[in-house]
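In what follows, a single structure is set out as structure tokens and then discussed.
The values are calculated or read from the model by the stated rules, or taken from the named source; none is laboratory data. On a predicted model such as this, the values are computed, not experimentally measured, just so you know. Cβ atoms come from the backbone with ideal geometry, glycine included; neighbour counts cover every protein chain shown. Surface areas here come from the heavy atoms of the whole protein model, side chains and all, with no ligands, DNA or RNA. Shrake-Rupley method; radii C 1.70, N 1.55, O 1.52, S 1.80 Å.
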Amino acid sequence: MTNKLSFSTLFLSISVVSLCAIMVYLNVSTLELNETIGSGVFYFKGYYEEGNMIVTEQGIGVITLPLAIGLVTSTLIKVVRYYKTPAFTN
């Protein structure tokens, strides 16, 4: 029995799992003052001093990285399944 998963189901499930893993990593990671994790579109977290306040922020990378991981992984799985499936010809 072969279980066919749609691309969207595969994409969403991989994205959610990677989002959970990233959130756990960000919660257990400790940052020193003026230290960041990631940069640009994949900026995760920053810890810095602004005036008299110490600021901790989360960047857009918390969303973009799981989506990128989900897209690449689900595409690879679908391509491998496509070429691995034998073609039936009469």
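Checking each residue in segment 37-90 for being more than 17 Å from Met23 (Cβ to Cβ), polar (S, T, N, Q) and not in a loop (DSSP other than H, G, I, E, B) picks out Thr73, Ser74, Thr75. For segment 26-47, what are the residues that are out of contact with any Asp or Glu (no Cβ under 8 Å at 6 or more places or on another chain) and open to solvent by 50 Å² or more (accessible area, probe 1.4 Å)? Across segment 26-47, the qualifying residues are Asn27, Val28, Thr30, Glu32, Glu35, Thr36, Ser39, Gly40, Val41, Phe42.
Report the residue count in segment 1-25 for those that are of a type outside the set (S, T, N, Q), exposed (fewer than 11 other Cβ atoms within 10 Å of the Cβ) and at pLDDT 90 or above.
Looking only at segment 1-25, we keep the residues that are of a type outside the set (S, T, N, Q), and these are 1, 4-5, 7, 10-12, 14, 16-17, 19-25.
Remaining after also requiring exposed (fewer than 11 other Cβ atoms within 10 Å of the Cβ): 1, 4, 24.
With the extra rule that they be at pLDDT 90 or above, the set shrinks to 24.
Residues in segment 1-25 being of a type outside the set (S, T, N, Q), exposed (fewer than 11 other Cβ atoms within 10 Å of the Cβ) and at pLDDT 90 or above: 1 in total.
Listed by first and then second residue, the pairs linking a residue in segment 65-79 that is of a type in the set (Lys, Arg) to a residue that is part of a helix (DSSP H, G or I) and open to solvent by 70 Å² or more (accessible area, probe 1.4 Å), with Cβ atoms under 8 Å apart and 6 or more places separating them unless they lie on different chains, are Lys78/Phe7.
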